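Here, each number is a calculation from the coordinates, and none is a lab measurement. Only a predicted model underlies this, so the values are computations on that prediction, with no experimental measurement involved. Neighbour counts run over all protein chains shown; Cβ positions are idealised from the backbone, glycine included.
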Amino acid sequence: MRTIRGKLLVYFFVFVFLFQVTAISIFVSSNELTNTYHDSFQRFLLLNSISQISEELFTETRTFVMEAEPEKVQRYYDTKKRLQNEKEKIASSFYDIDRMEMENYVNLIETFIHESELTVGFVLRDDIEQYTYHLEETRNASGYIQGATLELIDLELTAYQSFYQDLQVRNDSFFYFIIFLFVTTIILAIFFAFWFSNGITRPLNTLSRAATEVSEGNLVGEPINIRSNDELEFLGDTFNSMRSNIHELIEEIKDQSELDRLLKDMELKHLQSQINPHFLFNTLNTLSKMAYLEDAKSTSSLIDSVATLLRYNLGEIDSSVTLADEVKGVQDYFHIQKTRFSERIQFNMNIDETCLSIQVPRLTLQPLVENAFIHGIEEKEEGGTINLAIFQHECQVVVEISDDGVGMNQSKVEQLMTLAKQQDVHVGHLTGIGLTNVIRRLQLFYQKSHVVDIQSEPDKGTAISLLLPK
């Protein structure tokens, strides 16, 4: 992941690189012009130096002819050596002038030097006729050198004029280039400033709007999507995780609060039914023993079932029990109702014993069996049948309570499911716990919404299936 600091450094080095390339280009161009000007100026100096030294050499030669003294000879040789040195520079300096002209100019200088040497030699031999002749040739050669030098200078001035015009054109081009560079730099700087700032402010605005939504209580908005490959993208992902975690935490708190409310409501209903339970238990036990002593075994068994069922119902409502305990309570309820209604009511149980060890909320099955009896069977004059089946299906245990009673239409089924979602607190009869309360407690207990299926048709009965995860 790149960082904002890294991006700034990259942009900075890109601009520095561009300016360095521009500066180097300007330097190379300026250096080329300077070198060209320098070479041209050096050629002017060289030609001027050759012209002056040749004049000096002729003067030294003539002076020696007039006054043949030893120091005059040394001065002559020094001047001649300087002229020869300047002559050696011509080939490397005037590479862009016609070669024939340069060879003629060099030959002319060599001829001038040779004639001056002959003059000095014949002076030393005291041959007046010869040194007079060669002194005249030296003077002529010196004049030729001056003329040739002026012609070369004229050619060089012509070339320099062209160079000067080119220099003016380059100077104008350089001026326009500076203006172009200035404008381009400003445009690029503005573009990169907007581009970079937009890459920061746009994600920040998105985060700001999302934070405003969260502050207003909206925790289920669309996740923000920041693709900047830097700290802002990490910040956006972290914000999404934070909002999701807050939402889940609030939902968990709501569920826990609802569960606590349901349990307190059930406890209140439960307390209303607890009329001196110890006295009631003792009374029922006494009645059971008296019936047994009087050889009324059926009455004794019925009283035992009532006492057992009442004791189970008055247990800790917020605790969980095994499915086996729930089945035992249903069996006691079946016994009581069977004794009460005799042949009008039939109870059937088909139970897989391996499924009875799972945990369920207390008072889950009895309210459902009670509803099947009161709302499904009791209204039918001819009675009916209630079935309890427990079996394993895939990764869950299915508890099915069915009857062949009056049934209900689909709208009634949907109303019950809607009431369960709306946290309805409809109460039952004996337990004070209704169907919707049972459904909602199962949803909270297992932390899943789909825990029950209801199938019913008018005059054909109802089947309620609890889907309990193992």
Within-15-Å neighbourhood charge of L83 [Cβ basis; K, R +1; D, E -1]: -3
Residue exposure sequence - L232, L188 - by fewest surrounding Cβ within 10 Å: L188, L232
Rg in Å to one decimal, and Dmax rounded to a whole Å, for the stretch 90-246 via C-alpha atoms: 42.2, 127
Relative exposure of F341, F373, judged by other C-beta atoms within 10 Å (fewest first): F341, F373
Percent of alpha-carbon pairs separated by more than 24 Å within the stretch 319-469: 28
4 °C / 1.567 mPa s Stokes-Einstein diffusion coefficient of the stretch 119-168, Kirkwood radius on C-alpha pairs, µm²/s: 97
³J(HN,Hα), Karplus 6.51/-1.76/1.60, whole Hz, each residue of the stretch 207-217, x for Gly, Pro: 5, 5, 5, 5, 5, 5, 4, 5, 5, 8, x
For the stretch 1-78 and the stretch 142-198, distance of Cα centres in Å: 18
Integer Hz, Karplus 6.51/-1.76/1.60 couplings in order for the stretch 20-25, x for Gly and Pro: 5, 4, 4, 4, 5, 4
Convex hull volume per residue in cubic angstrom - Cα atoms of the stretch 4-192: 138
For the stretch 175-243, convex hull volume per residue from C-alpha positions, Å³: 79
